[in-house]
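Working notes, beginning with the structure itself.
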Amino acid sequence: VIKVIADDKCIKETNVGVGVVIENGQYVITSYLGIEDATSVKVKLHNDIVYNASIIGFDSIYDIAMIKINGDALQPMTIAKNSTKIEKGDRVISVGNPLGKSFNENIEVSTVLNTRENIVFKNRETKVAESLRMIKTSVIPKFINTGAALCNLDGELIGVNNTTMTYHNEFLKNSFYISAEDLEPITYGILDKQDSLINHMGVYGEEAISQSENGIDGVYAKEVTRNGLAYEAGIRPTDIIVEVNGMKVNTVSDINSIMSKFKSGETIKYKVFKNGDYVDFKIKISE
């Protein structure tokens, strides 16, 4: 468990949350809310070592973001194989934000109040009411523990704190976590969908949905990594990628499929709908 620091345009270290190291020791799960408006992201270890990190992608509905450490691989957390077997009344451990070299201040033993708490909320993007099932615990919410890890008594990961659902709770008496079982398809979905586009261009995109017959179809640039290839070329958030090398694209998979046919060092042409006009960009694939 590590500290995640997100800087915005006005205030340094404006958002500080918790990250859980997974996969090969370079990928980190954290709260999307904590990095939503970030211009840069860093991670800080318990021994005060700081690494820069890149945003790989996110799922705003589940308040999950994935970042990649630009540095040496860390020790990933062990994910419990039987995370679905926790029951109401079980004792669990919440590992929160490491404020210092000791984690003592941010480790709390609590009780599982419900393994499948159903919460109805309004989707931030579609404005439609939806419901999610969460692990509910007796841990009192703290905003600095955004993205905290929930572990069993063996120290294995069984869930990650969901800020959106926790602060949706009117009385703020309990914390809510996405189970490790539900996390797996979310994280793999982010990695599968964004790997090529993020790594080569620095763009988090999604399908642009036309609001009328004259609407623009393509891939909507929701996030553009500062100093990435796309950013340097001039692509910005809200731009819509409509063609790649003369071929129309509607999804991130379309772009990834075309990009996979090119080699490092080659240049790809992009047609982008930007500020009411179509603009052509050329981006050279990084080595």
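The values are calculated or read from the model by the stated rules, or taken from the named source; none is laboratory data. All figures in this text were calculated on a predicted structure; none of them were measured in a lab. A quick note on method: Cβ atoms are made from the backbone with ideal geometry, for glycine too, and the neighbour counts reach across all protein chains shown.
Just a few scattered comments:
- Where strands (runs of 3 or more DSSP E) fall entirely within region 1-80, those with at least 1 residues that are farther than 23 Å from Arg133 by Cα, among the hydrophobic types (A, V, I, L, M, F, W, C) and at pLDDT 85 or above are at 15-22, 40-44, 50-59, 64-69.
- Test: residue in region 232-249 that is of a type in the set (Gly, Ala, Ser), modelled with pLDDT of 85 or more and buried (at least 20 other Cβ atoms within 10 Å of the Cβ): no
- Cβ-Cβ under 6 Å pairs, at least 6 apart or on other chains, region 238-253 side closer than 16 Å to Ile268 by Cβ and assigned by TED's automatic domain parsing to the domain that holds Gly218, far side surrounded by fewer than 21 Cβ atoms within 10 Å (Cβ to Cβ) and modelled with pLDDT of 90 or more: Asp239/Lys274; Val242/Lys271; Val242/Phe273; Glu243/Lys271; Asn245/Ile268; Asn245/Lys269
- Residues of region 217-260 classified as assigned to a helix (DSSP H, G or I) and within 24 Å of the chain's Cα centre (by Cα), total: 11
- Count of residues meeting criterion [assigned to a loop (DSSP other than H, G, I, E, B) and on the phi < 0 side of the Ramachandran plot] in region 261-287: 8
- Note on region 231-274: residues that are of a type in the set (D, E, K, R) and in contact with a Ser or Thr (Cβ under 7 Å, 6 or more places away or on another chain) amount to 0.
- Flag for Lys88 being modelled with pLDDT of 75 or more and not assigned by TED's automatic domain parsing to the domain that holds Asn47: yes
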